[in-house]
1. If the chain between E117 and E67 were fully stretched, how many nm would it gain, using 0.36 nm times the residue separation less the Cα-Cα distance?
2. Skipping prolines and chain starts, which residues have an amide H placed within reach, meaning under 5 Å, of the one on V102, given they are 5 or more residues away or on another chain?
3. Find how much the distance from A57 to N84 grows on full extension, using 0.36 nm per residue of separation minus their present alpha carbon separation; answer in nm with one decimal.
4. Test of understanding: ordering M1, M83 by Cβ neighbours within 10 Å, fewest first, what list do you get?
5. Round to the nearest 0.05 the FRET efficiency obtained for R10 and W48 when R0 = 22 Å and r is the Cβ-Cβ distance.
6. So how do C62, C103 line up by other beta-carbon neighbours within 10 Å, fewest first?
7. What order, most packed first, do the peptides 66-74, 4-12 have when packing is the mean number of other Cβ atoms within 10 Å of each residue?
8. Applying the Karplus parametrisation 6.51 cos²θ - 1.76 cosθ + 1.60 with θ = phi - 60° to the phi angles of the range 83-99, what ³J(HN,Hα) value in whole Hz is obtained for each residue in order, glycine and proline being reported as x?
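Only the coordinates and a few stated rules stand behind these numbers; no lab work does. This is a predicted model, so every value here is computed, not measured. Don't worry about glycine lacking a Cβ; one is built from the backbone with ideal geometry, like all the others, and counts go over all protein chains shown.
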Amino acid sequence: MLRSYSELSRLRTFDERFRYLLLAGSVGVETFGFDRYVNQRFYRSEEWKHVRNIVIARDNGCDLGIEGRDINGRVYVHHMNPMNLEQINDHMDLILDPEYLVCVTFATHNAIHYGDESYITLAPVERQPNDMCPWKH
């Protein structure tokens, strides 16, 4: 299944988008092994930096592109379809196409890859008067 931003953007809630992108991988499983340097070289390329900026602007720096879920801190641009060594070596357009990329937080990125929703907070906490002062209730 090829995941796309066009399909993702039709889903309205964070939870729906998260489930659409969920990969359910395993912690500690190597993706590139000894060829990790190829992956790192790709992420330092001018082409990647240019596309990354386009995606951040499109998503307004929001987690999974959802307004109101502003990313405070580092913005990660996630490949919705995991890339592999062959795609990087062959310079396939798929890995540089904004249609297959989305902004995420580090926690959301890990939750997508490892299938553990405990990495993320799904809803902001509503504050109430005196909620930090239990003796005033």
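1. Working: separation 50, 0.36 × 50 = 18.00 nm, distance 2.02 nm.
The span from E117 to E67 would gain 16.0 nm if fully extended.
2. It is H78, M80, by chain and number.
3. Full-extension gain reported as 7.2 nm.
4. Ordered by Cβ neighbours within 10 Å, fewest first: M1, M83.
5. Numbers: r = 27 Å, r/R0 = 1.21.
The computed FRET efficiency comes out at 0.25.
6. C62, C103
7. Values: 66-74: 12.4, 4-12: 14.1.
Taking the mean over residues of other Cβ atoms within 10 Å, the ranking is 4-12, 66-74.
8. Result, ordered by residue: 8, 10, 4, 4, 5, 5, 5, 8, 6, 5, 4, 3, 7, 10, 9, x, 4 Hz.
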